Amino acid sequence: MQNWRVNLGERIDPDLSTPLYLQIIQVVVRDIESGRLPAGTFLPSSRSLAQILGVSRKTVVIAYDDLISQGWLTTEGTRGTMVSKQLPETKASAKRWAPAADASNRIRYAFAVPPERPLAIPTEAKLKIDEGAPDGRLFPPELLARALRKATLHASRSNNLQYRDPRGSQSLRRAIAEMLTAQRGLAVDEDNICITRGGQHGIFLAAMTTLRPGDAVIVEALTYEPAVSAFEAMGAEIITVGLDNHGMIVDDVAAICRERSVKTVFATPHHQFPTTVALSPERRLQLVDLAREYAFAIIEDDYDHEFHFESQPLLPIAAYAPGETVYVGSLSKLLLPALRVGYIAAPPKMIDTVAHMVSLTDGMGNTIVENAASALISNGEMRRHSRKVKQIYADRRERFARELDSELGDRAIFKIPDGGLAFWVEFNGDLNQIEKHAVADGLRFASHKSYMTRTNAARGLRLGFASLDEEETRIAVSALAKASR
């Protein structure tokens, strides 16, 4: 037994990620199975073994208690703890605790394999060109800090830090409803709004509430890949339609609907993602007519309605077809992506269903952040910030276009977008090689393949300009030009 105690100490490593109590369990079970600890063998007391191993007595007690409950050990009153004379008949428990070099990485149960696309995690890249994000450096941090402090104090004083309505903060829902009514023509009030953790969460909730496994979803040949992944996660079948300079080819939608049942059409009509083209008024009306005829839902992702530089934007489809549309939006462009404040606008019965989904996936959201965002809207700070950055982004848009012209010349084809925070750029060359060279030079951006839902779709890059200052724009476009040579 003395040798076993010493040997046990050599096999317990506090530097491993596996908890010490679990290491003790693994060693004891393995030694019982191998016959090294025969039935009836008394083990050291918990206090004695703790001293030998240099661990707390509580750690040994936890290990012993678990081994006793599993049937490997038993207690004999004041005599102590011993190896059970009636060991478990199956070795399943022994296998459950079986150590391995990769024990912390081994998974014995079935789980969903993640999609092929990598997560959008920040890297140490020299520079990243995003897909159209705002510049978070432009938002005054003192405004956010003050709003969060006031929201926290008010919530505490009003006993509003408990679990609450999964639809979100009433004040924020009311503020967003007023904004959508005044600026986007949606006839909504707070009962039409559910707060989400950003636009992507809204798309996923819309997918959860409109789709069942096997349902058909129509998307464009070039589209927002995370939305497609959300639909696929619901078990939906993805069907693609064409895209041209007037947006989605709605005649393709009609042809599909005549052949089979369609449950959802995903669209970004304001500025098509990724190409930035606007869906023409005629096609919008045609899509609404089809939705009414074939009873499918239009999930309208209005991800960057706030920024337009040439003319007044068209109203969202939800403004004149609320019964056919699930409208998804976000405050990420107006405030900060890090706040994770988005919303769904839909008829109240649909919002009730969405709220139930929120209760399953998110619980109740973030009262403090939502009330802080509400205050920034109601006190005018969000609108003032929007006016200020709109001019900055307009200047950056022009500078980005000049850099593309100067550095890439006839090697790239693009059109200055009327609105939004990104360009769609097609290259006269092998885009796979261009991406390869750019990445090798330290530049990061979304691959052209991430937008494609079919192999014959147009190939290009969506390049955000708003989050890059003058020097960053110069470096980024220069790196692209170098890669395209």
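Among residues belonging to region 131-143 that are open to solvent by 30 Å² or more (accessible area, probe 1.4 Å) and of a type outside the set (Gly, Ala, Ser), point out the one that is nearest to LEU421 (Cα to Cα).
That would be GLU131.
Could you list, ordered by first residue, the pairs with Cβ atoms under 9 Å in which the first is in region 309-324 and free of Cβ contacts under 8 Å to residues at least 24 places away in the same chain and the second is among the aliphatic types (A, V, I, L, M) and assigned to a helix (DSSP H, G or I), at least 6 apart or interchain?
none
When you look at ARG402, is it at pLDDT below 90, open to solvent by 50 Å² or more (accessible area, probe 1.4 Å) and out of contact with any Pro (no Cβ under 8 Å at 6 or more places or on another chain), yes or no? First the steps, then the outcome.
Numbers: at pLDDT below 90: no; open to solvent by 50 Å² or more (accessible area, probe 1.4 Å): yes; out of contact with any Pro (no Cβ under 8 Å at 6 or more places or on another chain): yes.
So ARG402 does not fit the description; no.
If a residue has to be open to solvent by 20 Å² or more (accessible area, probe 1.4 Å) and either under 18 Å from ARG30 (Cα atoms) or of a type in the set (Asp, Glu) (or both) to count, how many in region 54-70 make the cut? Before the answer, list the steps.
Just the residues of region 54-70 that are open to solvent by 20 Å² or more (accessible area, probe 1.4 Å), to begin with: 54-59, 61-62, 65-66, 68-70.
From what's left, either under 18 Å from ARG30 (Cα atoms) or of a type in the set (Asp, Glu) (or both): 62, 65-66, 68-70.
Here the count works out to 6.
Scan region 473-484 and tell me whether some residue there is farther than 28 Å from GLY136 by Cβ, open to solvent by 10 Å² or more (accessible area, probe 1.4 Å), touching a Ser or Thr at 6+ places or on another chain (Cβ under 9 Å) and hydroxyl-bearing (Ser, Thr, Tyr).
There is no residue in region 473-484 that is farther than 28 Å from GLY136 by Cβ, open to solvent by 10 Å² or more (accessible area, probe 1.4 Å), touching a Ser or Thr at 6+ places or on another chain (Cβ under 9 Å) and hydroxyl-bearing (Ser, Thr, Tyr).
Output the residues belonging to region 213-236 that are over 20 Å from HIS201 (Cα atoms) and free of Cβ contacts under 8 Å to residues at least 24 places away in the same chain.
Correct list: GLY214 only.
So which residues in region 186-204 are over 12 Å from the mean Cα position of the chain (by Cα) and not acidic (Asp, Glu), if there are any at all?
LEU186, ALA187, VAL188, ASN192, ILE193, CYS194, ILE195, listed by residue number.
Looking at ARG387, ARG397, ARG402, which is the one that is closer than 23 Å to HIS246 by Cβ and assigned to a helix (DSSP H, G or I)? First the steps, then the outcome.
Numbers: ARG387 fails: closer than 23 Å to HIS246 by Cβ; ARG402 fails: closer than 23 Å to HIS246 by Cβ.
Only one candidate passes the filter, namely ARG397.
Among ALA446, ALA466, which is open to solvent by 20 Å² or more (accessible area, probe 1.4 Å), of a type in the set (Gly, Ala, Ser), under 24 Å from PHE273 (Cβ atoms) and touching a residue at least 12 places away in the same chain (Cβ under 8 Å)?
Only one candidate passes the filter, namely ALA446.
The values are calculated or read from the model by the stated rules, or taken from the named source; none is laboratory data. In this text, all values refer to a predicted model and were calculated from it rather than measured experimentally. Note: ideal-geometry Cβ built from the backbone for every residue, glycine included; neighbour counts use all protein chains shown. Note: accessible area is taken over every heavy atom of the protein model, side chains too, but ligands, DNA and RNA are not part of it. Shrake-Rupley method; radii C 1.70, N 1.55, O 1.52, S 1.80 Å.
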